[in-house]
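Q: This is the structure I want to talk about, given as structure tokens.
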Amino acid sequence: MTDASRMFLFNSALPESPGVQEFLKSMGPSQGGIRGQNIGNGYISYAFLKAMFGRPLKVGHIANALEHELTDALAEEINATYSHFVFMMKDDIREDFRALPTDRVSGFLEKIEIPIVPMSLCANAFNGYDLGLAERLSPAQKRYLSLISEKSRFVGVRGEFSAEILNRLGIKNVKVIGCPSYFENGPSRSVHKKCWDPDKVITTATFFNAGLPRTSHLLQDELYFIDLLYLGKALPPTSNVTAQPFNLDEIPTSFQLLARAMAGRLEFFSDYNRWEAFFKSSDHCLTIGTRLHSGIFSINCGVPALVTNPDARARETCEYLRIPYDPSLHSRSDIGRVYEELDLSEMNNAYSALYETFVDFLDMAGLTPATAPDDAPCFEFPQLEKITDRSVAAELHEAYTELVEHLDREVVVRREHGGRAAQRLVDQFQSLRRRYPGLTRREYLQYFDRLTGGVK
């Protein structure tokens, strides 16, 4: 049986502190404009602790390895106090993470003398299973991954793509185990469909659908809306695109988020217990969207999920864990029909063997699930309430109006430059925008350019 007091959780992303800055830092890295501040990151650790001890038992931890001081004294304390150093990883194998200070983390890991247990590591690419990713990683990233391998008996990864990338880097001690978050409920779990109700669907991230106009929409890293609706505008000025009211490169998503916010349909949970209560108390029938961990959370709460994110991280995790996955779904798809045809039998039938593989990995690392004593302290998470002040509605309306005016000005300018002969084509463009709200700004402006003969 593993003693929780002897296990140190590194890079937990658990949002323990009520302070705004500490809370935001706990959600992930923010250096160099990297969009990593995501409440879903902490769910991996939360679910792992529940899988280990039945509850999110309080353990020694660092929430954000990339922004922690990582002193020599801390390394000495860890070596003297703990028996296992559990490294909760994410999609660390990414070409666009070259700027993150992995060399500083590597320097700290070199001082750790107790066994390191890395899990949930995955590779991420946005153009399919791109095996060339291995060669494009920076020397610091390659050293970081090699060091983790050297100090671990096995490296737990989410899928076969990640295993192959590490193999190409010469790292062989790899075990495919999926994501620990998937095994929150222990050895038994089965999910069943409920009656279809389009108003009882939960959407996530950039997924919106014309047939689901009244869904609740979950926030995970949309910092502008989290800050305005839950933090009382406590976020300091930042260039992070997620902290802006809209993104001109993602106009359909910006429109939808602002409209949902004004309708009171955006939800955010800093407390995983309240997040779970939300799923279980509202008789939801489906969670759909690009958020992998909102989908896994939903499944663990008994609500079927469909993941639509096309990136390699989501694809390999869903393929290995048999999570329903369809990146072809879009704003005009008939989700009612998709739900009717949704078959959960493969996911349910595969769960038991996948859980055993996960437990075998823990056993090889010297970690054995144990029932926690009733009086053992657990993590307590900040409980952020949604702000409903009239000033919030006014700011949302102002942002929405600004976005509409920006598009109107752009169309007017193009119409004037296109001349009278372009009017009919401009009208076609306006019709296109109304008919296909899922088009990105770049796509529909490119289409507009074709209609007007490329006139800028």
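Q: Hey, does segment 297-309 have a residue that's at pLDDT 95 or above and touching a Cys at 6+ places or on another chain (Cβ under 6 Å)?
A: Looking for residues that are at pLDDT 95 or above and touching a Cys at 6+ places or on another chain (Cβ under 6 Å), one finds at least one in segment 297-309, hence yes.
Residues are listed down the side, and each one gets a yes or a no for (1) touching a residue at least 60 places away in the same chain (Cβ under 8 Å); (2) buried (at least 20 other Cβ atoms within 10 Å of the Cβ); (3) under 14 Å from S216 (Cα atoms):
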| site | (1), (2), (3) |
| --- | --- |
| R274 | yes, no, no |
| N309 | yes, yes, no |
| E319 | yes, no, no |
| P327 | no, no, no |
| R332 | yes, no, no |
| T357 | yes, no, no |
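Q: If I go through segment 178-197 residue by residue, how many of them are surrounded by fewer than 14 Cβ atoms within 10 Å (Cβ to Cβ) and either of a type in the set (V, I, T) or closer than 22 Å to N41 by Cα (or both)?
A: Of the residues in that region, 1 qualify.
Q: Is there any pair linking a residue in segment 3-30 that is modelled with pLDDT of 80 or more to one that is exposed (fewer than 15 other Cβ atoms within 10 Å of the Cβ) and not in a loop (DSSP other than H, G, I, E, B), with Cβ under 8 Å and at least six apart or on different chains, and which?
A: Filtered contacts from segment 3-30: R6/T81; F8/T81.
Q: Quick one: which of K200, K175 is in contact (Cβ under 8 Å) with a residue 60 or more places away in the chain, buried (at least 17 other Cβ atoms within 10 Å of the Cβ) and in contact with a strand residue (DSSP E or B) (Cβ under 6 Å, 6 or more places away or on another chain)?
A: Residue meeting the stated conditions: K175.
Q: Condition first: over 21 Å from P198 (Cα atoms) and part of a helix (DSSP H, G or I). Now tell me which residues in segment 240-283 satisfy that.
A: Matches in segment 240-283: V241, T242, A243, I251, S254, Y272, N273, R274.
Q: Six or more apart or on different chains, Cβ atoms under 8 Å: show the pairs whose first residue is in segment 366-383 and over 14 Å from K50 (Cα atoms) and whose second is of a type in the set (K, R).
A: Partner pairs satisfying both residue conditions: Q383/R274.
Q: Report every pair of residues separated by at least 6 positions or lying on different chains whose Cβ atoms are under 8 Å apart, first residue within segment 248-265 and assigned by TED's automatic domain parsing to the domain that holds P213, second among the aliphatic types (A, V, I, L, M) and part of a loop (DSSP other than H, G, I, E, B).
A: Listed pairs, sorted by first residue: P252/L439; S254/L248.
Q: Follow-up. Hey, among the residues in segment 288-347 that are small (G, A, S) and assigned to a helix (DSSP H, G or I), which one's nearest to I44 (Cα to Cα)?
A: S294
Q: Return the residue satisfying two criteria in turn: it lies in segment 139-167 and is under 24 Å from the mean Cα position of the chain (by Cα) and not in a helix (DSSP H, G or I), and of such residues it is surrounded by the most Cβ atoms within 10 Å (Cβ to Cβ).
A: R158
The values are calculated or read from the model by the stated rules, or taken from the named source; none is laboratory data. Everything numeric in this text was worked out from a predicted model, so none of it was measured. All Cβ positions, glycine included, derive from the backbone under ideal geometry; neighbour counts span all protein chains shown.
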